[in-house]
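No lab work stands behind these numbers, since they all come straight from the coordinates. Note that the structure is a prediction, hence the values are computed from the model and not measured. Glycine also receives a Cβ, built like all others from the backbone with ideal geometry; neighbour counts cover every protein chain displayed.
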Amino acid sequence: MFRMLPKWLIRKKRSKGHGVHSPFAFELITKVIHSPHAYYAFYDIPDLLKENNLNSARVTPFNHLSFRLVNHFKPKNILEIHSGQGINTLFLSAAAPASRLTCVEANQDSLDVARILLQNRLNAPPKPCWRQSVPDPREGPFDAIFVYTGGNDLPSVDTLLKLGHSDTFWVIHPIRRGSGKQFWKSIVNEERAYVTFNNEGAGIVFPWPGLTPFHYWV
């Protein structure tokens, strides 16, 4: 029945778990993606941006989603590709202070800002490992991979699979336009991307062989 409905209505219904028969997907949608709960980091990080003369309005729902996903799955080894000035990095590190975080950013100016932000945060966990190129898969495997599609040289699906393992999840953002839209389309069409969640401007991917293949609009 859902397939005959417009996408906006499918998204509205599934955002509340309606018509979702997979226990895994239902829990993720209702308790993580659309969780009503806020965390201290949602207030502390905008304050940190202001203290460093950055616009706190740059914090978006995607940053909150990133925090919730990491807080839920508790990955021990996280890779962030095209990490920019480190705003989302702050949320990742706040959600998993004991995890190893590798950030890939080729722009030196952005990298300098990110280093200052991560250095100035309160109760700072270990500093991320900064890189200017995607690491060799032998340096993994990574438990979670975040990809910002506004950067150059997006990794291939094969590369993402090699960087992870059978329980790795990916988060792709943004996916509504340009190269991000095309990249997301290629992932959804990839048979090894068993379960995906299209959460408006962000895509979440579970290339887990044990899951029943499905593409959710939430």
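Let a ≥ b ≥ c be the square roots of the eigenvalues of the Cα gyration tensor of segment 23-150; is it rounded (a/c under 1.5), or, if not, prolate (a/b larger than b/c) or oblate? Oblate. Would you please classify the overall shape of segment 178-218 from the alpha carbon gyration tensor, given that a ≥ b ≥ c denote the square roots of the eigenvalues, rounded means a/c under 1.5, and beyond that prolate means a/b larger than b/c while oblate covers the rest? In terms of gyration-tensor shape, oblate.
Seen through its C-alpha gyration tensor, with square-root eigenvalues sorted a ≥ b ≥ c, segment 93-158 comes out oblate because a/c lies at 1.5 or above while a/b is not bigger than b/c. Taking each of 127/181; 50/185; 31/76 in turn, the alpha-carbon distance tops 25 angstrom for 127/181; 50/185.
Label sites at residue 139 and residue 73, each approximated as a point 7 angstrom past Cα along Cα to Cβ, lie 2.0 nm apart. Using the Cβ-Cβ distance between residue 192 and residue 108 with R0 set to 45 Å, the FRET efficiency works out to roughly 0.80.
In this structure, the amide hydrogen of residue 100, modeled 1.01 Å from its nitrogen in the peptide plane, lies closer than 5 angstrom to those of 77, 78, counting only residues at least 5 positions away or on a different chain.
Kirkwood hydrodynamic radius of the chain, from the reciprocal of the average inverse Cα-Cα distance over all distinct pairs: 17.8 Å.
Take the Cα of residue 58, step 7 Å toward its Cβ, do the same at residue 179, and the gap between the two points is 1.9 nm.
For segment 135-218, the percent of C-alpha pairs falling in each 10 Å distance bin, counted from 0 to the bin holding the largest distance, reads 18, 55, 25, 1. Over the residues of the chain, the helix contribution to mean residue ellipticity at 222 nm works out to -10500 deg cm²/dmol, using -39500 (n - 2.57) for each DSSP H run of at least 4.
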